[in-house]
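The values are calculated or read from the model by the stated rules, or taken from the named source; none is laboratory data. Only a predicted model underlies this, so the values are computations on that prediction, with no experimental measurement involved. For neighbour counting, all protein chains shown are included, and Cβ atoms are generated from backbone atoms with ideal geometry for every residue, glycine included. Side chains included, ligands, DNA and RNA excluded: accessible areas come from the protein's heavy atoms. Shrake-Rupley method; radii C 1.70, N 1.55, O 1.52, S 1.80 Å.
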Amino acid sequence: AALKGGLRFQVSAALKEGRVTPTELCQRCLSLIKSTKFLNAYITVAEETALKQAEESETRYRRGQPLGVLDGIPIAVKDNFNTAGIETTCASNMLKGYISPYNATVVQKLLDQGAVLLGKTNLDEFAMGSGSTDGVFGPVRNPWSYSRQYREKSVPKSRSEDEESNWVITGGSSGGSAAAVSSFTCFAALGSDTGGSTRNPAAHCGVVGLKPTYGLISRHGLIPLVNSMDVPGILTRCVDDAAVVLGSLAGHDPKDSTTIQDNFKPFELPNLTDVSKLSIGIPKEYHAPGLSSEILALWSKAADLFKNAGAKVVEVSLPHTRYSIVCYHVLCTAEVASNMARFDGLEYGHRSDMNKSTESMYAATRREGFNDVVRGRILSGNYFLLKQNYENYFIKAQKVRRLIANDFVKVFGSGVDILLTPTTLSDAVPYMEFIKEDNRTRSAQDDILTQAANMAGLPAINVPTGLSERGLPVGLQFIGQSFQEKQLLTVAKWFEKQVKFPMIQLEVKRHDHSAFQHQKPAFFS
């Protein structure tokens, strides 16, 4: 029961009262990781370390001195956050075997609060993708593929097709973290969000995915993709839990100059009963091409829910949204080209045996270390940054980005409190269908409803809303004003309470897929 409860009122209370110990909780989660190994959610499982941390937490509880709500709580971290003593791979050959000498700030803050780190989760290579299918360790399987809700609705032609072709993707790039939370192997997980990489898999896996305001949480130790848009994301099973984790992570970090200077006060979310003073904006541009009729209907029902409860619901316009995905592509690849330059085989990570010259070693290292997706983005970015293209592409995209950000400023300045939009165009698609299109095409489609919030630096959250006709999760997105996380999460909590999203009925059986036997224990001195 504790595994399925909320952090503050169920799990933390059970730990304080001695109804369950941190070690028992940790062992149960580790057991679930083993029995759901076929999901491929984890790259590294730090069993030995996790049990040691759980024992230390148990000692604190026995003394009556827990460090906080997160003390003894099992968590997972996306494998693009540095963790001291545990391998950090970014799901790439380039960083296989790399062990960081330090913890990312967000990881250190969780450990300082007594959280138990179970392991590192799977992702698209260097977080470039929207399916968690392009990492060197193989694709992540959506836990809902093995749920009773989905199995009852899907009719496979044969048993073998059911096993091998019918499973659906998690979304990405934080698919491993979303799958880990959805399958009850941890209570919360860290993801990263550059264009929707936390909210997209959260929607497909039926969990809460929060992208905080840019600068509210430190990026120090998060291996960068796009510095001006990257934000550590939070994945939990309910909105209250997201607020708890946010309270532990937010605030100034002297190691990250882009974080806020003011102190952040953790907050407990109130139970909103009156929404009559709220103004909910419905951006008409988010009725995007390819939006499924199911999600459109759900979006409309959600707007009616607010309206019937007394909130003011108004249609708004964000006119530059239609340029945002192209603008995002230019800026994203330009920053990727710059960030990936550090992987040259000299200081850390993979190094080729090619020794004809320094230049040939560079080239061979990058060819062997990066997959086609990463190399493609590096090439695109360097093209946009060429002297003859810089003004026409990069500078122009920066100007369009400012126009996109100003659209949000105008809408919020008009009295709108929160924007309500879809998170994804459809529910999760089967893996075999997803890989028919290339990564760039898929990312352009899947990021269309989420990346504008990153370019404007605004907080946004996915809330699981209902199940599709196929029995798969569908989520809606709330976008708030800068640094107004409390208001955003309060509204999201009210909505979550109204929709009563069903819990996954996971049917775990033995699955032995040799392709997914890479999970390895982490040992450190």
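Note on the chain: dipole from Cβ charges, positive end direction compared against Tyr214, Ala13, Thr59; the farthest Cα belongs to Ala13. When the chain is described by a simple charge dipole with +1 on each Lys and Arg Cβ and -1 on each Asp and Glu Cβ, the residue from Ala405, Asn308, Ala452 located farthest towards its positive end is Asn308.
Couplings for the stretch 46-60, taken from phi via the Karplus curve 6.51 cos²θ - 1.76 cosθ + 1.60 with θ = phi - 60°, read 8, 4, 4, 5, 4, 5, 5, 4, 5, 5, 4, 5, 4, 4, 5 Hz in order; Gly and Pro are left as x. For Lys399, the aspartates and glutamates whose Cα comes closer than 17 Å to its Cα, not counting residues fewer than 8 places off in the same chain, are Glu335, Glu391, Asp407. The mean sequence separation of alpha-carbon pairs under 8 Å and at least six residues apart, normalised by the residue count of the chain, gives a relative contact order of 20 percent. Between the amide H of Gly233 and those of Gly191, Ser192, Asp193, distances stay under 5 Å, these residues lying 5 or more places away or on another chain, with hydrogens modeled in the peptide plane. Using a probe of 1.4 angstrom and keeping all protein chains present, the accessible surface of the stretch 76-184 works out to 26 square angstrom per residue.
Sequentially through the stretch 407-420, phi angles give Karplus couplings (6.51, -1.76, 1.60; θ = phi - 60°) of 4, 5, 4, 5, 5, 5, x, 7, x, 6, 8, 9, 9, 10 Hz, Gly and Pro residues having no value and appearing as x.
Counting only the Cα atoms, the stretch 143-252 fills a convex hull of 109 Å³ per residue. Each Cα pair of the stretch 424-487 feeds into the Kirkwood radius, which the Stokes-Einstein equation turns, at 37 °C and 0.692 mPa s, into a diffusion coefficient of 242 µm²/s.
In percent, rounded to a whole number, the relative contact order of the stretch 215-267 is 42, using alpha-carbon pairs under 8 Å and six or more apart. Using the rule -39500 (n - 2.57) for each DSSP H run of four or more residues, divided by the residues of the chain, the 222 nm mean residue ellipticity is -11000 deg cm²/dmol.
For Lys312, the lysines whose Cα comes closer than 20 Å to its Cα, not counting residues fewer than 8 places off in the same chain, are Lys277, Lys284, Lys301, Lys410, Lys486, Lys493, Lys497. Across the stretch 494-505, coupling constants 3J(HN,Hα) worked out from phi with the 6.51/-1.76/1.60 Karplus curve, θ = phi - 60°, read 4, 5, 4, 5, 6, 7, 6, 4, x, 6, 5, 9 Hz, and Gly and Pro carry x. Length gained on full extension, Gln65 to Tyr102: 10.6 nm, using 0.36 nm per residue less the C-alpha separation.
For the stretch 371-512, a Kirkwood hydrodynamic radius built from all Cα pairs, placed in the Stokes-Einstein relation at 25 °C and 0.890 mPa s, yields a translational diffusion coefficient of 134 µm²/s.
Over the C-alpha atoms of the stretch 326-372, the Rg to Rh ratio, Rh being the Kirkwood estimate, stands at 1.09. Structural descriptor for the stretch 60-167: relative contact order 24 percent, calculated from alpha carbon pairs under 8 angstrom and at least 6 residues apart.
At q = 0.16, 0.20 Å⁻¹ the log10 of I(q)/I(0) for the stretch 223-370 amounts to -1.19, -1.26, computed by Debye summation with a single uniform scatterer per C-alpha, solvent ignored. Solvent-accessible area per residue in the stretch 215-291 equals 41 Å², computed with a 1.4 angstrom probe and all protein chains kept. Within the shell defined by Cβ-Cβ distances under 12 Å, the residues around Ser132 carry a net charge of -2, with Lys and Arg each +1 and Asp and Glu each -1.
Tell me, how many Å apart are the Cα centres for the stretch 242-272 and for the stretch 338-403? Rounded to whole Å, the Cα centres lie 34 Å apart. Pairwise Cα distances in the chain exceed 29 Å in 48 percent of cases. Amide H to amide H, with H built 1.01 Å from N, Val116 comes under 5 Å of Gly72, Ile73, Ile75, counting only residues 5 or more places away or on other chains. Around the amide H of Ile43, modelled in the peptide plane, lie the amide H atoms of Lys120, Thr121, Asn122, all under 5 Å away and 5 or more residues distant in sequence or on another chain.
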